[in-house]
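Each remark here refers to the structure printed beneath this line.
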Amino acid sequence: MINILSSILILAGVFFYLAGSIGLLRLPDLYSRLHALTKADNLGLGLLIAGLALHSQDLFTVLKLLLIWLAVLAASATSAHLIARQARRQETDS
Amino acid sequence: MMTTQILYALTGCVIVALGLRGALLHASLLQRIVAINVMGAGVFMLLIAVAYRGPGLPPDPLPHALVLTGIVVAVSATALALALARRLHAEQDDD
Amino acid sequence: MKTMTLHVFDGLLLLSIVALAWASLATTDVRRSVILFMAFGLVLAVAWGRLLAPDVALAEAAIGAGLSGALLLAAVHRQPRPLSPVSSNDSRHQGPNGLSIVVRWAVTLLSAALAGTLAWALLHAFSSTPHNMLPQAISGNLAASGVSNPVTAVLLNFRAYDTLLELAVLLTAVLGIFSLGQATPGYQPAGPVFDGLVHWLVPVLILMAGYLLWVGAHAPGGAFQAGAALAAAGVVLRLAGRSRIGLPDGSALRIVMAAGVGVFLLVGLSLLLLGRPFLGYPPAWAGALILLIETAAMLSIAATLLLAFLGGQPESTGVKAAAKQQREEISL
């Protein structure tokens, strides 16, 4: 039962990663690519971690996994913001 | 002698060759430094493939320790090489 | 069925690793090359996890991909123009480097020959019976080594001499970097978003470093990974334009830099004085001595990697430097 649920979650996460990668390749400009990549990849990671958390032995591992997700969330949001801001500056300068 | 070991060891050899070719042929100093790092990564893959003993058994820890040492030494050598490259650029710009 | 899936996974992983290495070295744009190299390092960390080498995977992700990538990216940012030779008129017979096609093919064949020789030697070694002497010796003596993580035992007890020399190599590299010039100029102060991230990320990184140091005795971790996490905290502070990035000033900095090698040597020599071999820990004290050496090594490694990122001798901050500046301004 846990295996089935965990597999569904992990597959859903992989699907979101795939969607993010397709968005990276197919979307027209930097901002939409950043948007797709950040949102889809973080959601995919969240689903992956939920699937992995079902398999873990104790609460400590679940908390560690959650901390990983939060850290990646914050870091990718910040870096997407920095990239977009820099691109905006270069646009308005030239 | 396992398929996994052979696969990873052969890939390690290929990466060492790629890195060596890049280190000898590239124009830019920075790309040559990257190529040498790639070569180092190939050597690490060789060592860790040799240490792998199979899915159930614990791997041989000695090559792991060697690779750990190697990673740290590689990054310090890269840092020194980059400092040298920066100084070289500064000297070139002056003349 | 399970081994079949695993082989497919291995094939895909190795294909992406080789493809990333190839792409990183085939492109002529240096920035793209560096970014592909960082991706290569991260996928390599996955491969180390697959081959049951979690300590190496941690170190590769933190140091090999993270810190190396940061160093290289900072270098690319400083020098957009490559250090290339003068282009000549005759471009028919010459590749992008000015080397002739013949030379390029010769080098490619040479590299292929090297790979072939390595592969032949490896297959020869694999086909002979493996001797298990060293791994058995390690697992046999693990109980007396003071830790239960075999990699930490090898690094800090059985092959402690090698780790001592490695810390000396780190120190030498940073002394070389010092002698080549001053640190790079800092970055501009960060905006609110990045500053907010730094505000809580740096304490979490410091806590993580302490955890990795402690857990290295019985699980994957250890001084190198912990030092890399601390150095990452310093790098993040530096990128956010802070003036204080965790490095002490003046002579305190030199003490921290030398602490790794110094504590290691002190422990080894005092054991010599007590009549034991150099770095031969008594089994009752081994755990505590290893933790002591690892703590000093962690601080030393963190300082070294952060100074490597700075690229030279740091401009002084702090009370002494401010007082010195005031005296200089008064005398002018």
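Return only the number of the condition from (1) farther than 19 Å from residue B:19 by Cα; (2) in a loop (DSSP other than H, G, I, E, B) that residue C:58 does not satisfy.
All conditions pass for residue C:58, except number (2).
Quickly run through region C:217-257 and pick out the residues that are on the phi < 0 side of the Ramachandran plot and not in a helix (DSSP H, G or I).
Answer for region C:217-257, where residues must be on the phi < 0 side of the Ramachandran plot and not in a helix (DSSP H, G or I): C:217, C:218, C:219, C:220, C:240, C:242, C:243, C:244, C:245, C:247, C:248, C:249.
List pairs: first in region C:14-25 and facing another protein chain (nearest Cβ under 7 Å) and closer than 16 Å to residue B:43 by Cα, second part of a helix (DSSP H, G or I) and polar (S, T, N, Q), Cβ under 6 Å, 6+ apart or cross-chain?
Cβ pairs passing all conditions: C:14/B:11.
Hey, any hits in region C:98-107 for a residue that's under 21 Å from residue B:43 (Cβ atoms), over 26 Å from the mean Cα position of the chain (by Cα) and without any contact (Cβ under 8 Å) to a residue 24 or more places away in the chain?
Yes: one or more hits.
Going residue by residue through region A:29-46, is there one that turns out to be surrounded by fewer than 18 Cβ atoms within 10 Å (Cβ to Cβ) and not in a helix (DSSP H, G or I)?
Checked region A:29-46: at least one residue is surrounded by fewer than 18 Cβ atoms within 10 Å (Cβ to Cβ) and not in a helix (DSSP H, G or I).
Give all pairs with beta carbons closer than 6 Å in which a residue from region B:44-56 that is in contact (Cβ under 8 Å) with a residue 12 or more places away in the chain meets a residue that is in a loop (DSSP other than H, G, I, E, B); count only pairs at least 6 apart in sequence or on separate chains.
Note: pairs meeting the criteria are B:48/C:51; B:48/C:53; B:51/B:59; B:51/B:60; B:52/B:59; B:52/C:51.
Step by step: first the residues of region C:163-192, then only those that are away from chain B (no Cβ under 14 Å) and surrounded by 15 or more Cβ atoms within 10 Å (Cβ to Cβ), then the one that is modelled with the highest pLDDT. Which residue is that?
C:190
Could you check how many residues of region C:97-107 are at the interface with chain B (Cβ under 7 Å from one of its Cβ atoms) and assigned to a helix (DSSP H, G or I)?
2
Please state which one of C:23, C:62 is buried (at least 16 other Cβ atoms within 10 Å of the Cβ) and not basic (Lys, Arg).
Matching residue, one of C:23, C:62: C:62.
Scan region C:168-204 residue by residue and report those that are under 13 Å from residue C:312 (Cα atoms) and in contact with a Lys or Arg (Cβ under 9 Å, 6 or more places away or on another chain).
C:180, C:181, C:184, C:186 - these are the residues of region C:168-204 that are under 13 Å from residue C:312 (Cα atoms) and in contact with a Lys or Arg (Cβ under 9 Å, 6 or more places away or on another chain).
The values are calculated or read from the model by the stated rules, or taken from the named source; none is laboratory data. Keep in mind that this is a model prediction, so the values were computed, not measured. Note that each Cβ is placed from the backbone with ideal geometry, even for glycine, and that neighbours are counted across all protein chains shown.
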